[in-house]
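Here the structure is laid out as structure tokens; the discussion comes afterwards.
The values are calculated or read from the model by the stated rules, or taken from the named source; none is laboratory data. The model shown is predicted, which means the values in this text are computed figures rather than measured ones. Here the Cβ is made from the backbone with ideal geometry for all residues, glycine too, and neighbour counts use every protein chain on show. Each accessible area value is taken on the protein alone, full model and side chains, heavy atoms only, with ligands, DNA and RNA left out. Shrake-Rupley method; radii C 1.70, N 1.55, O 1.52, S 1.80 Å.
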Amino acid sequence: MKQIIFKLLGTLGYVVQYGCVIHCTFEYLGDLVLCSGPSMEPTIYSDDILFTEHITALTQSIKKGDVIIARCPTNPKQQICKRVVGVQGDKIKTGFASYEIVPTGHVWLQGDNKINSTDSRNYGAVPLGLIRSRAICKVWPPRRISMLNDT
């Protein structure tokens with residue numbers, strides 16, 4: 001009986017250790033994200049799966065052209081996938097003759113499908129603190145596996 005208890009405790013210890021490693025990996029290094037919605041077409045289609053990394057977001061070294069995953073400024077329970085088109089200090093054209101300066105600690109996000117995207121043109125500049133990760137590549141479906149370059 002004593003051996004069974006020690007064996008169970010040993011196995012439980014390994015499960016906890018591996019669980020902690022997996023949690024830290026997904027929280028601080030990277031993970032997979034399922035995208036939905038047409039706002040990033042033709043770059044990313046609905047139901048594409050992206051591999052993302054968190055280090056760029058944690059160090060706040062986001063740059064123009066990056067495709068990022070962030071919390072939606074208008075609905076914190078929802079995540080958005082958009083491209084960074086402006087960083088702090090950039091002058092962004094918001095209308096025919098109007099411009100907006102991206103404030104310090106913020107980025108300007110837009111979907112690649114500008115006709116069908118709710119983005120910074122609707123809710124303004126997004127704080128860097130809402131950015132969760134930077135997308136590296138599409139990993140699913142297999143026929144569309146590709147790196148996400150700053151196009």
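When residue 66 is tested against (1) open to solvent by 50 Å² or more (accessible area, probe 1.4 Å); (2) on the phi < 0 side of the Ramachandran plot, just one condition goes unmet, and that condition is (1). Evaluate segment 93-113: report whether one residue or more is in a strand (DSSP E or B) and among the charged types (D, E, K, R). Yes, there is a match, as at least one residue in segment 93-113 is in a strand (DSSP E or B) and among the charged types (D, E, K, R).
Filtering segment 46-55 to residues that are open to solvent by 20 Å² or more (accessible area, probe 1.4 Å) and either touching a Ser or Thr at 6+ places or on another chain (Cβ under 7 Å) or within 14 Å of residue 83 (Cα to Cα) (or both) leaves 46, 47, 53. Among residues of segment 113-129 being open to solvent by 40 Å² or more (accessible area, probe 1.4 Å) and in contact (Cβ under 8 Å) with a residue 60 or more places away in the chain, the one that is farthest from residue 93 (Cα to Cα) is 116. Counting only residues that are modelled with pLDDT of 90 or more and more than 10 Å from the chain's Cα centre (by Cα), segment 50-61 holds 0 of them. Among residues that are within 15 Å of residue 31 (Cα to Cα) and basic (Lys, Arg), residue 132 is included. With respect to residue 80, is the statement that it is of a type outside the set (Lys, Arg), closer than 17 Å to residue 29 by Cα and open to solvent by less than 80 Å² (accessible area, probe 1.4 Å) true? Answer is no for this residue. Residues in segment 86-112 that are of a type in the set (A, V, I, L, M) and open to solvent by 50 Å² or more (accessible area, probe 1.4 Å) were compared, and the one that is modelled with the lowest pLDDT is 97.
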